[in-house]
Amino acid sequence: MTTPHSTDGDDRPTAGFATRAIHAGQDPDPTTGAVVPPIYQVSTYKQDGVGGLRGGYEYSRSANPTRTALEAALADLELGAAGFAFASGLAAEDTLLRAALRPGDHVVVPDDAYGGTYRLFARVFGPWGIEHTPVDLTDAGAVSAAIQPGRTKLVWVETPTNPLLNVADIAAISALARGVGALLAVDNTFATPYLQQPLALGADVVVHSTTKYVGGHSDVVGGALVVADGAQLPVGLEGPTGTTHLADAVRFHQNASGAVAGPFDAWLTLRGLRTLAVRMDRHVANAQRVAEFLQAHDAVTSVIYPGLESHPGHELAARQMRGFGGMVSFRTGSEASALAVCGATEVFTLAESLGGVESLVEHPGRMTHGSVAGTALEVPDDLVRLSVGIEDADDLIADLDRALAAGRGA
């Protein structure tokens, strides 16, 4: 199908997001006419003579038609040149770092990054000789001061961040990174390509845990990278294929390291991607109502949600995003009350992860962000994080009201 990826002359797709999410990279099967791409549950492919590959397929670590469909769809929706699907979000991050960094390099990271990302930088790549500096990404001056010209090869951005939902100015940070020949990588997991498109704002590569909103049903683990058209490796670096193209280096490392998405996982993720637009509309609407309820509740000391005018990044988020997302964090005044709230919900399920159709509640300090305890990234112990699902908003609010009442006596 050509319509979803047709352009109006400036290389931007003319069809709407929801149309492209359903059709991009997903032509009907040429053999049967099946409207959903098949699951090619296969490891190897018959060759038409030595080196005579059908459609470029020889071995499913290198390429698989189901994964190709997902990668094409993700690249289209992020307005990128090439997409790559992985076995997890951290596998995607690991591949990018191996492709773009060398021992002795320096990285700027958020001072409230996802705990798993920080663990990867600090405990996996740190011993490999990669140094990192945590910084408040909402302060462009602080980002500029943290950059070490000649050594900083990557600026890592989450926006909104996990779990404090800070909003970074992608275009401004892109200018700083480009000024020193560094890459700008943006983790777009919380926003999704429906709400935010970092490549259009100057990022070189977008990172996703597709486990979250892209998959959307808490039934598959995956990750992805989408590389911008023309994106180059950090200045002075040549990739393993002899070029300076970032996509070439990522493609080589994806195959060489092999942490790829399996066919069934790719199919499940693609299934979720098709409904991303309608799900995100509901996530955003529900999150706004939940945030406003919490803001008015006397058992809550503060609410963190970019959709509230009280959020310091509200105006930037309104310019940079289509909507404010489905994640809400709030504080209760004490660790004991936060833990009591987490343990008292019934509609909200106490669990890690996020972005599924069901609502989840967690205590970051004890759960997802336990790995940053005692570091500059440590989160407040009274913080509660909500992944607001697509249930009826009235039921979610009633559940939180009951839980907050239970937390009062803690």
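The values are calculated or read from the model by the stated rules, or taken from the named source; none is laboratory data. Fair warning: this is a prediction, and the values are worked out from it, not measured in the lab. Every residue, glycine among them, receives a Cβ derived from its backbone with ideal geometry; neighbour counts consider all protein chains shown. For the accessible areas, the whole protein counts, side chains as well, though only heavy atoms, and no ligand, DNA or RNA atoms are used. Shrake-Rupley method; radii C 1.70, N 1.55, O 1.52, S 1.80 Å.
Structure notes:
- The alpha carbon convex hull volume per residue for segment 359-410 rounds to 77 Å³.
- Protein heavy-atom surface of the chain, 1.4 angstrom probe: 52% of the accessible area is carbon and sulfur, with nucleic acids and ligands not counted.
- Each label point was placed 7 Å from the Cα along the Cα-to-Cβ direction; for LEU350 and ARG151 their separation is 4.4 nm.
- Label positions at ALA18 and GLU309, each projected 7 Å from the Cα along the C-beta direction, are separated by 3.0 nm.
- Remark: the chain carries 39 Å² of accessible area per residue (probe radius 1.4 Å; ligands, DNA and RNA excluded).
- Radius 11 Å from Cβ of ALA277, net charge of other residues (Lys, Arg +1; Asp, Glu -1): +4
- Viscosity 1.567 mPa s, 4 °C: Kirkwood-radius Stokes-Einstein D of segment 89-199 over Cα pairs, µm²/s: 94 µm²/s
- When the P(r) is computed for segment 128-247, the part past 17 Å accounts for 58% of the Cα-Cα pairs.
- For segment 107-170: span of alpha carbons on each principal axis (Å, largest first): 30, 27, 13
- Size estimate for segment 8-89 follows the Kirkwood approach: the inverse of mean 1/r over distinct Cα pairs works out to 14.4 Å.
- Restricting segment 233-339 to GluC sites (Glu not before Pro) that sit in a DSSP loop and have at most 15 other Cβ atoms within 10 Å of their own Cβ leaves GLU238, GLU309.
- Contour excess over end-to-end distance, with Cα ends at ARG102 and GLN41 and 0.36 nm allotted per residue: 18.4 nm
- Most fluctuating residue given options GLY333, GLY16, GLY222, as computed from a GNM of the chain linking Cα atoms under 10 Å: GLY16
- For segment 191-338, the equivalent ellipsoid derived from the Cα gyration tensor has semi-axes of 35, 19, 15 Å, listed largest first.
- Taking only the C-alpha atoms of the chain, the Rg (one decimal) and the largest Cα-Cα distance, Dmax (whole number), read 21.3, 74 Å.
- The share of C-alpha pairs in segment 220-291 whose separation exceeds 16 Å stands at 66 percent.
- Most fluctuating residue given options GLY49, GLY355, GLY326, as computed from a GNM of the chain linking Cα atoms under 10 Å: GLY49
- Among ALA291, ALA172, ALA92, residue whose mean-square fluctuation peaks in a GNM of the chain (springs only between Cα atoms under 10 Å): ALA172
- Segment 142-182 - convex hull of the alpha-carbon atoms, volume per residue in Å³: 64 Å³
- P(r) tail fraction, segment 22-157 - alpha-carbon pairs more than 21 Å apart, %: 58 percent
- Theoretical ellipticity at 222 nm over the chain - DSSP helices of four or more residues, -39500 (n - 2.57) apiece, nearest 500: -9500 deg cm²/dmol
- Label point distance in nm, ALA175-ARG319, each placed 7 Å from Cα along Cα→Cβ: 1.0 nm
- By the Stokes-Einstein formula, at 0.692 mPa s and 37 °C, segment 261-410 with its Kirkwood radius over alpha-carbon pairs has D equal to 204 µm²/s.
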